[in-house]
Amino acid sequence: MSLISQKLLQQKQVQKVKEDEVGEILRLEENNEVNGIINEVDASGGFVKSKKRKKERNGENKEVVMKEEAEMKRLEGFLFGSLYSPLEFGKEDRDVEDGGSKSAVLFFSERSPGIGEVELHEDMEGIEEMSGLVNARENKPAWVDEEEEKVRVDIAKVRRLRKLRKEDNESSISGLDYVSRLRAQHVKLNPWTDWARVGSQDWVDEESEEEDGVVTTEMDKDREDLDSILRSNEEFIAKSSVKLLPGILEYSKLVDANVEELSSGPVNSVQFHRNSQLLLAAGLDRRLRFFQIDGKRNTKIQSIFLEDCPIRKASFLPDGSQVIAAGRRKFFYTFDLVKAKFEKIGPLIGREEKSLETFEVSPDSSTIAFVGSEGYILLVSCRTKELMGTLKMNGSARALAFSNDGRQLLSSGGDGHVYHWDLRTRTCFHKAVDEGCITGSAICTSADGALFAAGSTSGIVNIYNNEMFLGGKKKPLKTIENLTTSVDFMKFNHDSQILAICSRMQKNSLKFVHVPTFSVFSNWPPPNRTLHHPRCLDFSPGGGFMAMGNAAGKVLLYKLHHYQHA
């Protein structure tokens, strides 16, 4: 049965129902008139009374007719749509509950494919074919600017565009290169995932495979790979091999490293463990604190109180097994991380030292070098904690630094000279003047041993090439004059591309030097944040984190975006 025949049949049925109801109404009116005449004849003098009854019955009949018409309209709207009034949400549900169950059985429609449905089916097939053709085509830009090839952009003149350079001496590039580098920089800062690609599909496609009656798609394989990644804690991000560019240092401020327990005094030492997750913080409040660094919560692991030693310096042994803590005392402490046991060492036999607050540990974890009085340097064995020997400078000793292999020791002090010591023979094999230095206050060496930096009380930092300095060339590669007070702390990062220099006498007196170009990063220290009085800092083994302790008892934590690993 077609849709047209269905509609005709329904209209005939409705018309038949209307005729039956109209006939019933007429019969009711005739009965009412007959009853009214009888009442007029039987009642004596009751014409007024019978008229009133007639009016009341006529009013009741009108109400019945109006209700029946409303019911007919409701049935027509239920069957053929709302012809007389717009659809109101909520009313159709109540109507169905009242009388829809009775009328629904009287009318039914037979579903059969008509002409319109066949045409719609053909149209859908055509749309699917057109979408397939569109997907098969390559995505081409709607408009191309021909002037981009002719335009030249100077990326060295504008500071925010210097990060687009691939080489340090690159200055001007074409418009096409400028657009492509901007896109690459955007992708670098806003990485996207594989599942968000336009070509990814959840349905079965040509690359689907069927094994044992089960169809597997590329999306299923991607999900399996993702599950296998989430089951492990390995690092899957490849380390960036691109050189760090000068000018702007990309970083972000994280939650303070010691946010769960701030220090009640100045923080004099911060250092990352070799596993990059454990951070040591110590200061004048006589406490050693250990934190697990994740950049979000930085959970405190342990806090240890040293009753008789305000800590001036604390350091991990390079092998990560122990912690050395010292202050202005004749003794120092060692803490075994494995056994969780403290040991008090000293005074050292054969020496009457009043303070052991300044020391350095050799990279091979074999020797601890303490700065003594009257120009003496004390060499202590890490294994036995006994004095092995001493080294004597002409002036007072102020700063120490080991070479990368641990066989040599560099020192500087009150006479303005830099000493190179051979620890196997315990002799000085080279001594030279630090240019422009009156009193040396800090010294440090790079991780590869190629460079060393010497700081003085006047705020001057000289960067030397170690081989050239030992060969007789005393002129530094670069002199950094960005600090105006005494240089108290210096540190190279793991790949020797950043040198941090700070002074404890002024607020925000912390600078980062880009070592390859010997230039200072212009956006550090942060312009809108105060670092207070910086006292110490350390870079994580992978370079991703930088922790800085200040005189306010906080350990500020920063993420350096150039380095992917912590």
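The values are calculated or read from the model by the stated rules, or taken from the named source; none is laboratory data. Everything quoted here is computed from the prediction, not taken from an experiment. So basically every Cβ, Gly included, is an ideal-geometry build from the backbone, and we count neighbours across all protein chains shown. The accessibility values were calculated without ligands, DNA or RNA, using every heavy atom of the protein model including side chains. Shrake-Rupley method; radii C 1.70, N 1.55, O 1.52, S 1.80 Å.
ASP422 meets the conditions (1) under 44 Å from the mean Cα position of the chain (by Cα); (2) under 16 Å from GLU360 (Cα atoms); (3) of a type outside the set (A, V, I, L, M) in every case but one. The failed one is (1). The condition of being in a strand (DSSP E or B), closer than 20 Å to GLY459 by Cα and under 44 Å from the mean Cα position of the chain (by Cα) holds for LEU400. Only residues that are within 23 Å of GLY449 (Cβ to Cβ) and buried (at least 19 other Cβ atoms within 10 Å of the Cβ) were counted across region 515-535, and they come to 1. Applying the criterion of being in contact with a Pro (Cβ under 7 Å, 6 or more places away or on another chain) and more than 23 Å from GLY320 (Cα to Cα) to the residues of region 536-552, the residue that is most open to solvent (accessible area, probe 1.4 Å) is ALA551.
Scanning region 322-343 finds no residues that are of a type in the set (Val, Ile, Thr) and more than 41 Å from the chain's Cα centre (by Cα). Could you check region 498-544 and list, in sequence order, the residues that are among the aliphatic types (A, V, I, L, M) and either within 24 Å of GLY295 (Cβ to Cβ) or modelled with pLDDT of 95 or more (or both)? Residues satisfying the conditions are ILE498, LEU499, ALA500, ILE501, LEU510, VAL513, VAL515, VAL520, LEU531, LEU537.
Do we have any residue at all in region 379-393 that's without any contact (Cβ under 8 Å) to a residue 40 or more places away in the chain and of a type in the set (Gly, Ala, Ser)?
Yes, there is a match, as at least one residue in region 379-393 is without any contact (Cβ under 8 Å) to a residue 40 or more places away in the chain and of a type in the set (Gly, Ala, Ser).
Among the numbered conditions (1) out of contact with any Phe, Trp or Tyr (no Cβ under 9 Å at 6 or more places or on another chain); (2) modelled with pLDDT under 95, the only one that SER269 does not meet is (2). Scanning region 253-265 for residues that are farther than 21 Å from HIS494 by Cα and surrounded by fewer than 19 Cβ atoms within 10 Å (Cβ to Cβ) returns VAL255, ASP256, VAL259, GLU260, GLU261, LEU262, SER264, GLY265. Entry remark, region 304-341: residues being assigned to a strand (DSSP E or B), open to solvent by 30 Å² or more (accessible area, probe 1.4 Å) and in contact with a Leu (Cβ under 7 Å, 6 or more places away or on another chain) number 1 in total.
Scan region 294-303 residue by residue and report those that are surrounded by fewer than 16 Cβ atoms within 10 Å (Cβ to Cβ) and in a loop (DSSP other than H, G, I, E, B). Of everything in region 294-303, those that are surrounded by fewer than 16 Cβ atoms within 10 Å (Cβ to Cβ) and in a loop (DSSP other than H, G, I, E, B) turn out to be ASP294, GLY295, LYS296, ARG297. Just one of the listed residues (GLY350, GLY375, GLY346) is exposed (fewer than 13 other Cβ atoms within 10 Å of the Cβ), within 18 Å of MET388 (Cα to Cα), in contact with a strand residue (DSSP E or B) (Cβ under 9 Å, 6 or more places away or on another chain) and of a type outside the set (D, E, K, R), namely GLY350.
Conditions tested, residue by residue: (1) modelled with pLDDT of 85 or more; (2) under 30 Å from VAL520 (Cα atoms).
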position: GLU147; (1), (2): no, no
position: LEU161; (1), (2): yes, yes
position: LEU164; (1), (2): yes, yes
position: SER172; (1), (2): yes, yes
position: TYR178; (1), (2): yes, yes
position: PRO191; (1), (2): no, yes
position: ASP194; (1), (2): no, no
position: GLU210; (1), (2): no, no
position: GLY213; (1), (2): no, no
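Counting only residues that are over 36 Å from the mean Cα position of the chain (by Cα) and loosely packed, with under 14 Cβ neighbours inside 10 Å, region 448-467 holds 1 of them.
The single condition from (1) of a type in the set (Gly, Ala, Ser); (2) assigned to a loop (DSSP other than H, G, I, E, B); (3) closer than 20 Å to ALA450 by Cβ that ALA500 fails is (2). When region 308-344 is filtered for residues that are among the β-branched types (Val, Ile, Thr) and either within 20 Å of GLY549 (Cβ to Cβ) or at pLDDT 95 or above (or both), the ones remaining, listed by number, are ILE311, VAL323, ILE324, THR334.
Scanning region 416-438 for residues that are part of a loop (DSSP other than H, G, I, E, B), in contact (Cβ under 8 Å) with a residue 40 or more places away in the chain and in contact with a Lys or Arg (Cβ under 7 Å, 6 or more places away or on another chain) yields a count of 2. Exactly one residue among ARG407, ARG398 is surrounded by 19 or more Cβ atoms within 10 Å (Cβ to Cβ) and in contact (Cβ under 8 Å) with a residue 12 or more places away in the chain, and that residue is ARG398.
When region 149-172 is limited to residues that are among the hydrophobic types (A, V, I, L, M, F, W, C) and within 18 Å of ILE248 (Cβ to Cβ), the one that is surrounded by the fewest Cβ atoms within 10 Å (Cβ to Cβ) turns out to be VAL158.
Examine region 466-482 for a residue that is in a strand (DSSP E or B), in contact (Cβ under 8 Å) with a residue 40 or more places away in the chain, among the hydrophobic types (A, V, I, L, M, F, W, C) and over 30 Å from GLY549 (Cβ atoms), and state whether such a residue exists. Checking region 466-482: not a single residue is in a strand (DSSP E or B), in contact (Cβ under 8 Å) with a residue 40 or more places away in the chain, among the hydrophobic types (A, V, I, L, M, F, W, C) and over 30 Å from GLY549 (Cβ atoms).
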